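The values are calculated or read from the model by the stated rules, or taken from the named source; none is laboratory data. No experiment lies behind these values; they were computed from the predicted model shown. Cβ sites come from the backbone with ideal geometry, for glycine too, and all protein chains shown count toward neighbours.
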Amino acid sequence: MTAWRAALLGFDEEGQPWRIDDGLLLVEQGRIIDLGPFAEATARHPGVAIVDRRGLTLAPGFIDAHVHYLQIDMIGAPAPGLLPWLQRHTFPLEARFDDPALAARTADFFLDELLRNGVTTALAWGSVHPQSAEALLAQSRARRMRMIVGKCLMDTDVPESVRDDARGGLEDTAALIARWHGVDRLGCAITPRFAPSCSPAQIAGAGELARAHPTVWVQSHAAENPDEFALVRRLHPRARSYLDVYDAAGLLRPRSVYAHCIHIDDHDRRRLADSGAAVAVCPSSNLFLGSGLFDFDAAGQAGMRWALASDVGAGTSLCPLRTMLAAFEVARLRGATPTAAQLWWHHTAGAARAVGLEGLVGNLEVGLEADFIVLDPQATPLLARRTAMADSLEEWLFAMMALGDDRAVREVVVLGEGAVGSR
Ligand code: GUN
Ligand code: ZN
């Protein structure tokens with residue numbers, strides 16, 4: 001058993017944040033077995049050895065609901081919009097990931113970066129090549145991380161070097177599921193890249209695979225960019241909307257996670273809410289590519305599940321604090337004013353609920369897996385000065401979000417064991 005003494009930050013059932021200024025968190029065999037105010041918790045566990053992190057704050061590890069691991073090497077590659085960005089930068093880079101050695105080196109670096117930024121779980125994309133997904137799964141397993149990974153399905157209108165065929169892509173996905181899904185903390189995702197790159201046969205096959213494997217995730221992109229939207233309308237003239245292309249194939253269901261969903265209507269929002277699918281909201285990516293501004297209020301009114309995501313490499317940072325600030329700024333432009341606590345929830349406990357990981361990760365709560373981070377509110381002189389002035393939890397969370405970056409993540413603990421920065 002290990003007992004961590006620090007301030008503790010978590011969320012209640014309703015998503016409200018709580019904080020225990022002098023707390024104790026007890027971990028045994030990778031799970032949180034008790035937590036509470038220091039005096040009370042030590043009385044329940046007399047003589048327990050204590051890891052002293054006073055002055056620091058233990059918080060849930062972040063969940064990144066959508067990230068392309070191999071695009072880590074193309075962050076900040078500008079283009080006039082999504083479609084030219086894919087053609088100019090993305091597909092040529094991804095073509096190189098038929099090389100398992102390159103995939104392994106990149107996965108290693110990516111996971112180190114993810115952890116260094118306080119992200120302990122992600123829904124991560126490989127390239128079209130199954131060996132790229134294998135590399136990330138293997139490295140995630142070695143780090144004992146809870147990770148969900150898919151290889152892209154893309155059999156249409158993309159360069160040959162990043163193309164599969166409908167049947168082969170689905171067979172590769174099925175083989176990944178058989179080999180990896182549910183192994184240790186790993187999950188697989190059926191990953192049709194987006195409607196324009198998948199033939200009707202491939203989308204239908206993805207739906208069949210999803211029906212055969214209800215615990216497997218589905219991840220894709222939807223309604224990111226107006227040109228992409230127009231392309232889908234031309235390719236699928238009978239579909240009611242872009243999202244309807246996936247819906248008609250049975251791909252809207254719990255554990256389906258669609259990135260972006262900017263250019264959708266209330267009918268789509270209701271379908272997302274009713275089907276149990278979730279949206280990965282990717283503000284830094286949407287700003288970088290000029291894709292548009294996610295409508296937070298409409299999502300809330302429709303009861304949609306959504307989680308924050310970096311969408312690296314269109315996204316410009318793996319740091320959840322940066323993503324939350326970008327989300328706040330986009331929300332402001334849309335007329336919404338989310339609290340820092342709400343945004344934080346959508347990157348931790350709320351993200352877990354949205355993507356089907358509730359009860360496993362995303363919070364400091366008895367019974368959950370012990371994936372947490374140790375935040376340093378004094379990581380920079382300005383952060384120290386500003387957080388010292390905060391006279392409410394909301395103000396403190398906002399200061400961390402507005403001024404913090406990877407330097408504020410002092411340590412990362414995965415399944416109860418120090419992964420980064422442990423002293
Ligand atoms: N749509 C299809 N592929 C991609 C991708 O790699 N990144 C983003 N942001 N959108 C996509
Ligand atoms: Zn993406």
Would you mind finding the one in Asp266, Asp311 that is within 24 Å of Asp227 (Cα to Cα), surrounded by fewer than 18 Cβ atoms within 10 Å (Cβ to Cβ) and either within 16 Å of ligand 1 (Cβ to nearest atom) or modelled with pLDDT of 95 or more (or both)? Asp266
Can you name the condition, by its number, that Gly290 falls short on among (1) within 16 Å of ligand 2 (Cβ to nearest atom); (2) surrounded by fewer than 23 Cβ atoms within 10 Å (Cβ to Cβ); (3) in a helix (DSSP H, G or I)? (3)
Scanning the range 240-259 residue by residue, those under 24 Å from Leu293 (Cβ atoms) and either touching a helix residue (DSSP H, G or I) at 6+ places or on another chain (Cβ under 6 Å) or away from ligand 1 (no atom under 15 Å from the Cβ) (or both) turn out to be Arg240, Ser241, Tyr242, Leu243, Asp244, Val245, Asp247, Leu252, Ser256, Val257
Can you go through Leu176, Leu170 and tell me which one is in contact with a Cys (Cβ under 8 Å, 6 or more places away or on another chain) and over 29 Å from Met324 (Cβ atoms)? Leu176
Would you check if there is a residue in the range 223-241 being outside any loop (DSSP other than H, G, I, E, B) and under 18 Å from the mean Cα position of the chain (by Cα)? no
Qualifying position, being part of a helix (DSSP H, G or I), in contact with a Ser or Thr (Cβ under 8 Å, 6 or more places away or on another chain) and of a type in the set (Phe, Trp, Tyr), among Phe97, Phe109: Phe97
Which residues, counting only those in the range 215-231, are away from ligand 2 (no atom under 16 Å from the Cβ) and touching a Pro at 6+ places or on another chain (Cβ under 8 Å)? Leu231
Tell me which of these Val218 doesn't satisfy, since it passes every other one: (1) touching a Gly at 6+ places or on another chain (Cβ under 9 Å); (2) of a type in the set (A, V, I, L, M); (3) part of a loop (DSSP other than H, G, I, E, B). (3)
Hits in the range 41-79 (condition: free of Cβ contacts under 8 Å to residues at least 60 places away in the same chain and not hydrophobic (A, V, I, L, M, F, W, C)): Thr42, Arg44, His45, Pro46, Gly47, Asp52, Arg54
Looking at Ser140, is it touching a residue at least 12 places away in the same chain (Cβ under 8 Å), within 18 Å of the chain's Cα centre (by Cα), more than 14 Å from ligand 1 (Cβ to nearest atom) and surrounded by 18 or more Cβ atoms within 10 Å (Cβ to Cβ)? yes
